[in-house]
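Presented below is the structure to which this report refers.
The values are calculated or read from the model by the stated rules, or taken from the named source; none is laboratory data. Just so you know, these numbers come straight off a predicted model, no measurement behind them. Glycine also receives a Cβ, built like all others from the backbone with ideal geometry; neighbour counts cover every protein chain displayed. Just so you know, the surface numbers come from the protein's heavy atoms only, side chains and all, with ligands and any DNA or RNA stripped out. Shrake-Rupley method; radii C 1.70, N 1.55, O 1.52, S 1.80 Å.
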Amino acid sequence: PKKKSKKNPEVETSFLPDKDREAARKKEERRLKQEWLDLQEKIKQEKLKITYSYWDGSGHRKDIVVRKGNTILEFLSAVRDDLSPQFREVAAGTAEDLMYVKEDIILPGDITFYDLITIKARGKSGPLFSFDVHDDVRFGAVDARVEKDESHPGKIVDRKWYDRNKHIFPASRWEQYDPAKEYGKYTIKS
């Protein structure tokens with residue numbers, strides 16, 4: 001008869017493959033992933049007050065409340081609805097006819113506010129993820145390269161206006177959003 005080997009219960013075996021342990025680990029991974037996704041969805045549903053300025057050569061400052069998960073295009077649609085009674089040219093167009101320019105960067109319609117906040121996106125003259133606007137009350141010589149924790153109101157611009165005025169300041173400074181580009185100090189192109 002063959003002798004049966006006996007297992008020593010005191011030997012460390014945690015490094016060996018174990019179907020039950022692997023299944024429990026995978027289940028915990030799925031639970032944590034779902035918990036994280038649920039939390040992100042909850043964050044995307046949070047309300048965000050945005051101060052913007054409709055720019056037609058002069059600024060018309062307003063506030064609007066959207067959700068963090070809204071895209072820029074959804075935001076522009078809400079802004080269009082908000083501005084339509086006051087500005088006939090906005091009422092005649094669509095949300096696609098408007099542009100959102102924040103910190104001298106033209107933001108694409110498919111990016112969400114949540115995306116800007118989570119990646120802490122930066123523009124030429126400040127953060128793209130900060131929407132609480134305060135007036136600049138500094139006196140004396142102001143160094144524009146010194147960034148403050150406050151941001152400027154984003155500009156809502158009609159595309160036709162931009163096409164007619166892109167060679168004139170401030171539109172001459174604006175450029176398309178590029179997530180790979182790093183914006184250093186605030187400077188004025190000559």
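Remarks
- Once segment 14-54 is narrowed to residues that are under 30 Å from ILE156 (Cα atoms) and in a helix (DSSP H, G or I), the residue that is least open to solvent (accessible area, probe 1.4 Å) is GLN40.
- Among residues of segment 60-79 being among the basic types (Lys, Arg) and farther than 17 Å from PRO153 by Cβ, the one that is most open to solvent (accessible area, probe 1.4 Å) is ARG67.
- If you go through segment 151-181 and keep only what is aliphatic (A, V, I, L, M) and either touching a helix residue (DSSP H, G or I) at 6+ places or on another chain (Cβ under 6 Å) or crowded, with 18+ Cβ neighbours inside 10 Å (or both), you end up with ILE156, VAL157, ALA171.
- No other residue among GLY93, GLY57, GLY109 is open to solvent by 40 Å² or more (accessible area, probe 1.4 Å) and assigned to a loop (DSSP other than H, G, I, E, B) apart from GLY57.
- Listed by first and then second residue, the pairs with beta-carbon distance under 8 Å, at least 6 apart or on different chains, first residue in segment 45-70 and at pLDDT below 85, second open to solvent by 80 Å² or more (accessible area, probe 1.4 Å) and not in a loop (DSSP other than H, G, I, E, B), are ASP56/GLU89.
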